[in-house]
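The block underneath contains the structure these notes are about, expressed in C-alpha cells.
The values are calculated or read from the model by the stated rules, or taken from the named source; none is laboratory data. Only a predicted model underlies this, so the values are computations on that prediction, with no experimental measurement involved. Note: ideal-geometry Cβ built from the backbone for every residue, glycine included; neighbour counts use all protein chains shown.
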Amino acid sequence: MKVIASSFADPADVRAFERAKASGMSDEEAFRYGDNGIGCWGDNTAQEHTPMCALPPDDMEAKWGSVAAAKHRRVLVSLGDEPVECILADRMPWKRNIKNGAGIDLNPAAVKALGIRKGAMVQVTWQWK
C-alpha cells in the first residue's frame with residue numbers, strides 16, 4: 001500500500017512530549033505535541049537499532065481482526081527498491097482522525113534504515129510480511 005510516512009519517537013518528539021507533561025498536561029494532551037517513545041505494547045520505540053512502525057487501527061483490524069492480534073507483526077516498508085522489515089510496535093490514530101495525511105509512522109531505526117531525512121514525510125510502500 002502506498003502511503004505517506006511520518007516519523008515518531010525521535011529525540012525532538014520525545015522532548016516535546018516531556019515538555020508538555022512537565023507543563024501539567026495529561027498523556028493524552030501531551031501526545032498532541034510529541035511522543036513518549038513507548039509503543040502501545042510497552043516497546044521502546046525511541047531507538048535506532050530495531051526498525052519499528054505504527055499503523056492505524058483500521059489496517060490492523062482489517063488484516064488481523066483486532067489491534068491486539070496485530071501486536072509485533074512484521075511489516076515490510078520500502079522507499080525505492082530496498083525493503084526494511086519493521087516490527088509493528090505502536091498504533092496511530094484511526095484514519096478518520098489523522099491530521100497530517102500519514103498512513104504509517106516510522107521510528108528512528110526505520111527512518112535511518114530507509115535513509116529518510118529526519119522529520120521528512122515521504123511516500124513509501126508497506127505490506128504485511
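Checked against the criterion of being aliphatic (A, V, I, L, M), in a loop (DSSP other than H, G, I, E, B) and at pLDDT 95 or above, the candidates A89, A46 yield just one match: A46. Could you list, ordered by first residue, the pairs with Cβ atoms under 6 Å in which the first is in the stretch 61-87 and farther than 12 Å from L106 by Cβ and the second is surrounded by 13 or more Cβ atoms within 10 Å (Cβ to Cβ) and of a type in the set (F, W, Y), at least 6 apart or interchain? These pairs meet every condition: K63/W128; A70/W64; K71/W41. Residue count for the stretch 13-67 satisfying the condition of being among the small types (G, A, S) and within 30 Å of S78 (Cβ to Cβ): 10. Listed by first and then second residue, the pairs linking a residue in the stretch 2-24 that is of a type in the set (D, E) to a residue that is assigned to a helix (DSSP H, G or I), with Cβ atoms under 6 Å apart and 6 or more places separating them unless they lie on different chains, are D10/P108.
So that you can scan it fast, the table gives a plain yes or no per residue for (1) out of contact with any Phe, Trp or Tyr (no Cβ under 8 Å at 6 or more places or on another chain); (2) under 18 Å from A5 (Cβ atoms); (3) among the aromatic types (F, W, Y); (4) not in a helix (DSSP H, G or I):
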site	(1), (2), (3), (4)
G24	yes, no, no, yes
A68	yes, no, no, no
A110	yes, yes, no, no
G119	yes, yes, no, yes
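Scanning the stretch 106-120 for residues that are surrounded by 24 or more Cβ atoms within 10 Å (Cβ to Cβ) and among the β-branched types (V, I, T) returns a single hit, V111. Taking F8 as the residue in question, decide whether it is aromatic (F, W, Y), within 13 Å of the chain's Cα centre (by Cα), buried (at least 21 other Cβ atoms within 10 Å of the Cβ) and farther than 17 Å from W128 by Cβ. Yes: the conditions hold for F8. Taking the condition of being within 22 Å of Q127 (Cα to Cα), among the polar types (S, T, N, Q) and surrounded by fewer than 20 Cβ atoms within 10 Å (Cβ to Cβ), how many residues in the stretch 23-54 meet it? Qualifying residue count, the stretch 23-54: 1. Out of A62, A20, I need the residue that is surrounded by fewer than 16 Cβ atoms within 10 Å (Cβ to Cβ), assigned to a helix (DSSP H, G or I) and among the aliphatic types (A, V, I, L, M). Which one? That would be A62, the only listed residue that is surrounded by fewer than 16 Cβ atoms within 10 Å (Cβ to Cβ), assigned to a helix (DSSP H, G or I) and among the aliphatic types (A, V, I, L, M).
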